[in-house]
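A short write-up of the structure that comes next.
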Amino acid sequence: GDSVTQTEGLVTVTEGLPVKLNCTYQTTYLTIAFFWYVQYLNEAPQVLLRSSTDNKRTEHQGFHATLHKSSSSFHLQKSSAQLSDSALYYCALNTGYQNFYFGKGTSLTVIP
Amino acid sequence: NTKITQSPRYLILGRANKSLECEQHLGHNAMYWYKQSAEKPPELMFLYNLKQLIRNETVPSRFIPECPDSSKLLLHISAVDPEDSAVYFCASSPRQISNERLFFGHGTKLSVL
């Protein structure tokens, strides 16, 4: 079946250092889109990045991700973490027909 | 996000009945109810497209959705159970058949006594 896997439940990084959150997926659908959602404490999830094009880098608010269909991955990266980046991050797969599959989430904590 | 409004924001219930309300001002065709339990991702409960119920996931029968028009969504809850304690998000997207993102409301936090 279709699924999304985020390998890390908790990630702690020092401010100013790079951060990478992993996301891999399984799907049989061909027309797909991927999202990274960020959820701050007591707030709703909001989209951070979206991509449906293989091997094309997408960027927003200093974060970037590239969909690699060859490795079934859509990892989220940032070159320099900020304290305000502390939040829950969800990778999500949309297989069309608005079938969203969310990963279990990664809690990112950025420390001074 | 004032484009999708939910009420109430917080709800504390015993065994009473209550309804959650959602209204979106985005002109979207598809509307959703998601449940997010503590430390879990959002889980789809119901999906409406143009007022028609399209998806009805495995949800206890005490949850009854209603879509009175394409911009409004209700969730009627009767005789809640402690396992129902969660945040209930309303969401919308432009169309049901698409790869577009979900827009979430701010949620209703339900606490069951």
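The values are calculated or read from the model by the stated rules, or taken from the named source; none is laboratory data. Worth saying up front: this structure is predicted, and the values here are computed from it rather than measured. Cβ coordinates were reconstructed from backbone atoms using ideal geometry, including for glycine residues, and neighbour counts include every protein chain displayed.
Summary of values
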| read-out | value |
| --- | --- |
| Candidate set from the stretch A:92-112 (those that are under 11 Å from A:V38 (Cβ atoms) and within 10 Å of the chain's Cα centre (by Cα)); member that is nearest to the other protein chains (Cβ to nearest Cβ) | A:G105 |
| Residue satisfying all of: in the stretch B:100-113; surrounded by fewer than 20 Cβ atoms within 10 Å (Cβ to Cβ), more than 8 Å from chain A (Cβ to nearest Cβ) and at pLDDT 90 or above; nearest to B:R55 (Cα to Cα) among these | B:K109 |
| Among the candidates B:S37, B:S19, B:S61, residue that is closer than 14 Å to B:K109 by Cβ and at pLDDT 90 or above | B:S37 |
| One residue from A:Q61, A:Q82 being at pLDDT 95 or above and more than 30 Å from B:Y48 (Cβ to Cβ) | A:Q82 |
| Residue satisfying condition, being among the hydrophobic types (A, V, I, L, M, F, W, C), crowded, with 17+ Cβ neighbours inside 10 Å and more than 22 Å from B:A91 (Cβ to Cβ), within set A:V13, A:V38 | A:V13 |
| Count of residues meeting criterion [crowded, with 17+ Cβ neighbours inside 10 Å and assigned to a strand (DSSP E or B)] in the stretch A:1-10 | 1 |
| Selection status of A:V13, touching a residue at least 60 places away in the same chain (Cβ under 8 Å) and either in a strand (DSSP E or B) or more than 19 Å from A:S79 (Cα to Cα) (or both) | yes |
| Conditions (1) surrounded by 13 or more Cβ atoms within 10 Å (Cβ to Cβ); (2) out of contact with any Lys or Arg (no Cβ under 9 Å at 6 or more places or on another chain): number failed by B:M31 | (2) |
| Any hit, the stretch A:60-67, residues being touching a Phe, Trp or Tyr at 6+ places or on another chain (Cβ under 8 Å), more than 26 Å from B:Q36 (Cα to Cα) and polar (S, T, N, Q) | yes |
| For A:E15: the one exception among (1) closer than 28 Å to B:R55 by Cα; (2) touching a Pro at 6+ places or on another chain (Cβ under 6 Å); (3) charged (D, E, K, R) | (1) |
| Check on A:G9, at pLDDT below 95, small (G, A, S) and touching a Pro at 6+ places or on another chain (Cβ under 8 Å) | no |
| Strands (runs of 3 or more DSSP E) fully within the stretch B:1-99 counting 3 or more residues that are free of Cβ contacts under 8 Å to residues at least 40 places away in the same chain and either within 14 Å of another protein chain (Cβ to nearest Cβ) or closer than 20 Å to A:N94 by Cβ (or both) | B:43-49, B:52-56 |
| Condition broken by A:Y89, with the remaining ones in (1) part of a loop (DSSP other than H, G, I, E, B); (2) within 12 Å of chain B (Cβ to nearest Cβ); (3) buried (at least 20 other Cβ atoms within 10 Å of the Cβ); (4) not basic (K, R) satisfied | (1) |
| Some residue of the stretch A:53-76 being closer than 22 Å to A:P18 by Cα, hydrophobic (A, V, I, L, M, F, W, C), in contact (Cβ under 8 Å) with a residue 24 or more places away in the chain and exposed (fewer than 14 other Cβ atoms within 10 Å of the Cβ) | no |
